[in-house]
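What follows draws every value from the coordinates through simple rules; no lab data is involved. Remember, predicted model here, so these are calculated numbers, not experimental data. Positions of Cβ are backbone-derived with ideal geometry, glycine not excepted, and every protein chain shown enters the neighbour counts.
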Amino acid sequence: MQKLGEFKLPHFFNYPPYFTLQPVRDTREKQIQLWKELILDYCKIQKLFVIALEEEFPLFTNTVTERSLTNEAREAFLSALVSEGRAEWMDKGHRKCLILWHRIQDWADILLQFAKDNGLEDGVVTIEEIRFGTESQGTELHGIDRTILNRALKLLEQKGKLVVFKGTSTDDEGIKFSV
Amino acid sequence: MAGNSLPPVNLTDNGRPVLLPNEIECFFLSGVDLLCEDEPNSWFPHLKSGLLILTTHRLLWLPDTAVASSSSASAVHLSSISHIFPNKKSLKSVFASRRIRFQVSPETGSRSVVVTVVVRGKGDFDAFVAKFWENWRGRAWEESEKVASSSSNAVAGAGSASSGSGIYSSDGTVRMVGVSGILRKEQEMWESTDKSLQDAFQDLNALMSKAKEMVMLAEKMRLKLLSGSNSQTNTTNDEEMGSKEEMQELLLSVGIISPVTKESAGALYHQQLSRQLADFVKVPLERSGGIINLIDIYCLFNRARGTELISPDDLLQACSLWEKFDVPIVLRKFDSGVMVIQNKSHSDEEVFTKIKALVMKPDALRAGISPSDAARTLGVAPAMAKEHLLSAESKGILCRDVSPDGFRFYINLFPEIDRDDVYLVKDQGIYPSWVRAIPALG
């Protein structure tokens with residue numbers, strides 16, 4: 001089985017038409033569907049959170065079949081993700097896309113679970129610790145994208161599950177849970 | 001002073017010499033003396049400073065009109081010249097006037113004398129001498145005599161056409177002189193060529209006269225048809241109408257212009273055209289595998305017609321009329337806008353089946369197919385094959401692959417892939433066949 005990093009590529013990744021944006025509606029719908037799944041799965045495994053259209057993205061090129069997605073195709077697939085709420089455009093020019101292979105709500109749940117698992121229901125923890133601390137190692141939180149984390153925190157703050165407070169520097173930003 | 005026994009030259013009112021039949025003037029020299037230095041000389045006059053005209057028959061000497069001369073226009077017939085002396089160039093001749101001598105005998109029987117032509121005026125003397133020799137040797141008067149004797153028999157008693165002035169010579173033919181003479185010679189040549197051509201075209205004329213008969217026959221039929229179609233009274237004339245239609249078709253096929261013009265019976269014209277087109281299309285359609293581009297038919301049809309070309313509009317109208325008749329062909333428009341003519345029996349399903357079979361072959365599974373590959377299998381033109389591939393694509397049978405390698409088509413795998421388990425490949429089906437064919441996945 002072919003791999004791209006840690007990610008197992010499905011067979012149809014080597015199907016040349018997979019890399020050509022199909023004109024026939026039904027065919028295109030299926031194609032978009034498959035690409036959406038593929039992008040989310042790939043980003044999850046590889047822990048990627050942002051796709052920049054102008055940069056090389058390994059998933060969009062198949063070196064075996066020598067096919068590459070056109071810009072038009074890339075935008076089409078990412079826009080489909082955005083429409084589904086599984087991604088967000090980070091700029092008006094649609095050059096950068098934030099991939100939500102977990103929805104923000106899911107991340108919030110993961111955070112709460114993390115707090116529970118580590119006895120932080122009333123505790124305090126820094127952002128830094130959440131992202132790169134020893135407790136988070138092995139969890140999905142480890143290495144989480146800053147933007148996404150902030151969004152999740154905001155969501156939880158609104159629900160009253162925690163409070164974010166700033167420290168003397170950005171690295172000192174902390175959270176006080178009140179689960 | 002010698003007597004003048006030279007035959008005179010008749011002059012016209014304008015001073016032009018009257019020429020003999022077929023006599024043509026060849027050379028003019030001015031300031032010419034003709035004199036005889038022999039002693040005794042009883043008959044050759046001393047002609048001083050006149051105009052010398054060399055013709056095909058004679059040497060004419062005309063007195064210079066500006067100078068009062070006692071001599072009159074005289075002629076020396078070339079036949080009376082027995083010898084021309086070669087021109088000896090000597091020191092003396094360089095300084096003296098140019099001259100040439102010849103020996104001449106009179107008609108009367110007196111002794112022959114040597115005459116000198118002294119050229120004091122300007123003129124190409126050498127050319128004159130050359131022409132003199134040529135004409136003297138040419139003996140053009142002998143031919144004239146033959147002609148004269150034969151035609152005079154035919155023209156005997158034809159009237160006293162004066163041999164003097166006037167454009168008609170004694171034998172009734174138009175006299176042409178000088179440049180006209182040359183032109184006449186050309187004319188004669190053309191006439192003889194023409195005659196031989198005429199002989200060659202005997203058969204063609206016979207053919208043409210037959211064709212005239214054919215055209216007259218067609219004309220009669222045309223009138224009959226016209227009178228018949230005008231009096232469309234009752235339906236019992238159906239049989240007649242049928243045969244009349246047949247006649248029209250016959251006429252059309254022979255290539256004769258249809259009796260009805262486009263203006264007088266617009267619909268009928270298109271009907272006829274429509275039928276004619278349907279007949280014509282049969283052969284090209286077969287040759288191109290049952291489907292042919294409309295543009296190709298337009299070109300082929302007009303080329304076959306030669307004249308009476310039809311406009312694209314006419315063609316379209318004619319094709320659209322096929323629905324009304326019972327013809328086995330239809331006009332079809334593809335999504336891409338391409339218009340084709342195809343057999344009614346043409347089945348898209350059949351084509352799709354063939355395409356599916358082609359695209360499931362191991363090579364095609366690996367690398368797809370191009371329009372040319374399809375063209376070869378389907379037996380149609382590549383442009384037509386592409387249309388078929390595109391319509392198969394729109395039906396979900398194929399998928400396109402656009403790359404720097406070109407435009408290719410593959411079997412459509414997308415429906416076979418399970419969206420909930422993208423890694424799943426069943427045992428049977430198109431997807432597993434495809435997977436098996438790809439070495440990279442093995």
Worksheet, complete the sentence: In whole Hz, the Karplus estimates of ³J(HN,Hα) for the stretch B:44-51 (6.51, -1.76, 1.60; θ = phi - 60°; x where Gly or Pro) are 8, x, 9, 9, 10, 6, x, 9
Worksheet entry | Residue exposure sequence - A:Tyr15, B:Tyr423, B:Tyr298 - by fewest surrounding Cβ within 10 Å | B:Tyr423, B:Tyr298, A:Tyr15
Worksheet item: Order of B:Asp199, B:Asp64 from fewest to most other C-beta atoms within 10 Å?
Response: B:Asp199, B:Asp64
Fill in: Separation of alpha-carbon centers, the stretch A:38-104 and the stretch A:117-155, rounded to whole Å
25 Å
Worksheet item: Per-residue HN-Hα couplings for the stretch A:45-57, Karplus 6.51 cos²θ - 1.76 cosθ + 1.60 at θ = phi - 60°, whole Hz, x for Gly and Pro?
Response: 5, 8, 6, 9, 10, 10, 10, 9, 4, 7, 9, 5, 10
Worksheet entry | Under 5 Å, built H, 5+ apart or other chain: amide partners of A:Thr126 | A:Ile175
Worksheet item: In the structure displayed, which of A:Lys96/A:Lys154; B:Lys212/B:Lys324; B:Lys185/B:Lys210; A:Lys3/B:Lys426; A:Lys8/B:Lys354 lie more than 31 Å apart, Cα to Cα?
Response: B:Lys212/B:Lys324; B:Lys185/B:Lys210; A:Lys8/B:Lys354
Discussion item. Between the stretch B:365-432 and the stretch B:24-51, how far is it from one alpha carbon centroid to the other, in angstrom?
Written reply: 108 Å
Worksheet, complete the sentence: Quick calc: nm separation of the 7 Å Cα→Cβ label points for A:Asp109 and B:Lys333 -> 5.4 nm
Worksheet item: Which order do B:Met214, B:Met384, B:Met339 fall in if you start with the one that has the fewest other Cβ atoms within 10 Å?
Response: B:Met214, B:Met339, B:Met384
Fill in: Sequence-distant residues sharing a close amide H with A:Leu162 (under 5 Å, placed H)
A:Glu157, A:Ser178
Discussion item. Could you derive backbone 3J(HN,Hα) for the stretch A:147-161 from the dihedral phi with the Karplus parameters 6.51, -1.76 and 1.60 (θ = phi - 60°), listing whole Hz in sequence and x where the residue is Gly or Pro?
Written reply: 4, 5, 4, 4, 5, 5, 4, 4, 4, 5, 4, 4, 7, x, 7
Worksheet item: What full-extension length gain, to one decimal in nm, is calculated for B:Asp313 and B:Asn4 as 0.36 nm per residue of separation minus the Cα-Cα distance?
Response: 102.1 nm
